[in-house]
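Step one of this worksheet: look at the structure below.
The values are calculated or read from the model by the stated rules, or taken from the named source; none is laboratory data. Quick caveat: nothing in here was measured; it's all calculated off a predicted structure. Here the Cβ positions follow ideal geometry from the backbone for every residue, glycine too, while neighbour counts run over all protein chains shown. The area values use the complete protein model at the heavy-atom level, side chains included, leaving out ligands, DNA and RNA. Shrake-Rupley method; radii C 1.70, N 1.55, O 1.52, S 1.80 Å.
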Amino acid sequence: IKHRIKLFNAMTKEETVMLKGVALLMMLGCHLGSGFGINLIHIGGVPLYDIINKIDVPVQIFTILGGYGLFYVFQKGDKHHLSRIFKLYLHYWVIISIFVTIGHFVGDSSKYPGSIKDIILNYSSFYSSWNYECWFLFPYSLLSLSYPFLFKQMSRIKARYVCLITFVIFLISGLLISKLGIQYKTSSPILYNLLYLGFLLFPFSLGAMLKRTELFSKLNVLVAKKSYGKFLVFAILVIASIIKYYIPTALFSPFYAITFIVSFVLLSQGKANIPILSAIGRHSMNIWMIHTWFLYYLFPSFIAGFKYVFLEYIALLFVSFIISFVINRIVNLMPLKF
């Protein structure tokens with residue numbers, strides 16, 4: 001058992017990458033939606049696609065993984081704090097520059113690029129009117145920028161109290177978002193970013209505390225001691241998925257997301273290796289910023305031409321994946337070092 005604990009006291013890099021791939025696949029599913037095409041499989045009159053989408057939590061998984069990874073480098077000493085954020089924005093700038101240029105000629109020339117104010121807001125990601133689904137970039141970047149200060153303060157408090165305090169902030173932010181009817185397209189960008197910063201702080205902190213407490217090591221002891229340990233983990237994941245399906249409130253999403261992540265790691269125990277999922281995970285950042293240009297803004301008829309939801313999904317993933325390779329090549333050709 002001690003040998004196993006030594007091997008599996010944390011998420012491996014490969015598991016993190018695969019989980020990013022899973023979250024990306026969830027995100028594509030959420031954005032595509034069953035109403036885009038013909039569904040072939042129904043269960044009880046409900047499209048299978050809709051059933052799966054009800055238990056999707058891509059934003060929470062990405063945020064928890066971000067908190068986990070940044071707390072890891074916080075402990076080791078982060079030498080790429082600012083360059084990591086700059087690299088994220090560099091990919092974003094290359095992507096929007098390419099698609100806005102295309103949009104100017106094949107889409108709405110008044111919207112792409114729009115006014116000087118539109119250009120500033122979009123390139124800063126403070127308000128992404130060109131691609132609304134990039135809303136996540138600005139609040140997450142603020143968390144990534146401020147994490148040394150946040151984690152320094154959190155390290156002075158017991159992990160359970162960190163989770164409690166950030167959950168209260170999460171709860172208040174969620175209630176205000178609901179009560180005020182906060183919507184990205186219509187609400188004040190300042191208010192939206194402020195509230196969603198508070199909303200993301202809890203899953204971000206969950207990821208950080210997951211690393212700080214080395215929870216995987218402790219749970220591995222329990223799983224290794226019992227012959228039915230993995231079965232129990234799988235059963236808990238199934239129960240959590242059922243609860244998420246029947247109680248689709250956003251307040252439960254971070255808890256489901258961390259259950260999913262922990263279950264994935266405990267069930268794989270460092271042995272999981274799904275090349276396709278890993279490849280998608282490595283391109284998840286680019287695909288997140290690319291896919292809605294095809295799905296919503298510039299080429300929706302191309303995706304709709306596949307008619308069946310499953311084929312539309314594959315087409316959307318494939319074309320976004322190919323474009324991601326191009327984006328990476330462009331970024332790598334730039335005379336910049338990170």
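Rolling a 1.4 angstrom probe over the protein heavy atoms with all chains in place gives segment 1-160 an accessible area of 49 Å² per residue. Once the Cβ-Cβ distance of Phe234 and Lys54 is raised to the sixth power relative to R0 = 25 Å, the FRET efficiency obtained is 0.80. The residues of segment 239-329 have, on average, 46 Å² of accessible surface per residue, using a 1.4 Å probe with all protein chains present.
Dividing the Cα radius of gyration of segment 226-283 by its Kirkwood radius returns 1.04 for Rg/Rh. Packing, as the average of other Cβ atoms within 10 Å across residues, places the peptides 144-151, 76-83 in the order 144-151, 76-83, highest first.
Full extension of the chain segment joining Asn328 with Ile41 gains 99.7 nm, where the gain is 0.36 nm per residue of separation less the Cα-Cα distance. Using the Karplus relation 6.51 cos²θ - 1.76 cosθ + 1.60 with θ = phi - 60°, the per-residue 3J(HN,Hα) values for segment 189-198 come to x, 5, 5, 4, 5, 5, 5, 6, 5, x Hz, with x marking Gly and Pro. Charging the Cβ of each Asp and Glu at -1 and of each Lys and Arg at +1, and nothing else, the dipole of segment 36-171 about its Cα centre rounds to 760 debye. A value for P(r) over Cα pairs in 20 Å bins from 0, in percent was derived from the coordinates, and within the list [x] 33, 60, 7; [y] 27, 61, 12, 0; [z] 30, 57, 12, 1 it appears as [y]. Take segment 47-103, drop everything but the C-alpha atoms, weight them equally and run the Debye formula without solvent; then report log10 I(q)/I(0) at 0.17, 0.24 Å⁻¹ to two decimals. Computed log10 I(q)/I(0) values: -0.81, -0.93.
So, with a 1.4 angstrom probe, what is the percent of accessible area on the chain that is carbon and sulfur? C and S fraction of accessible area: 69 percent.
Of the Cα atoms belonging to segment 9-116, the radius of gyration and Dmax stand at 19.2, 54 Å. Here's how it looks for Val46: its modeled amide H is under 5 Å from none belonging to a residue 5 or more places away or on a different chain. In the chain, the DSSP-assigned H stretches of four residues or longer account for a calculated mean residue ellipticity at 222 nm of -23500 deg cm²/dmol, using -39500 (n - 2.57) per stretch and the full residue count as denominator. Computed extension length for Ala279-Gln75: 70.7 nm, one decimal, from 0.36 nm per residue of separation with the Cα-Cα distance subtracted. Amide H contacts for Ile38 (H built 1.01 Å from N in the peptide plane; partners 5 or more residues away or on another chain; cut-off under 5 Å): Tyr308, Val309.
Could you work out the relative contact order of segment 48-202? I mean the mean sequence separation of Cα pairs under 8 Å and 6+ apart, divided by the number of residues, in percent.
Worked out over segment 48-202, it gives 22 percent.
Please work out, to two decimal places, the log10 of the ratio I(q)/I(0) at q = 0.15, 0.19, 0.20 Å⁻¹ from a Debye calculation in which every Cα of segment 215-338 carries one identical scatterer. Reported log10 I(q)/I(0), two decimals: -0.96, -1.09, -1.11.
Peptide packing: for 276-283, 239-246, the average count of neighbouring Cβ atoms within 10 Å per residue gives the ranking 276-283, 239-246, highest mean first.
If you build the Cα gyration tensor of segment 82-160 and take the root of 5 times each eigenvalue, what three semi-axes come out, in whole angstrom, biggest first?
In descending order, the three semi-axes are 34, 11, 9 Å.
Annotation: peptides 22-28, 176-182, 135-141, ranked by per-residue average of other Cβ atoms within 10 Å with the highest first, follow the order 22-28, 135-141, 176-182. Simple point charges give the picture: +1 on the Cβ of Lys and Arg, -1 on the Cβ of Asp and Glu, and for the chain a dipole about the Cα centre of about 1500 debye.
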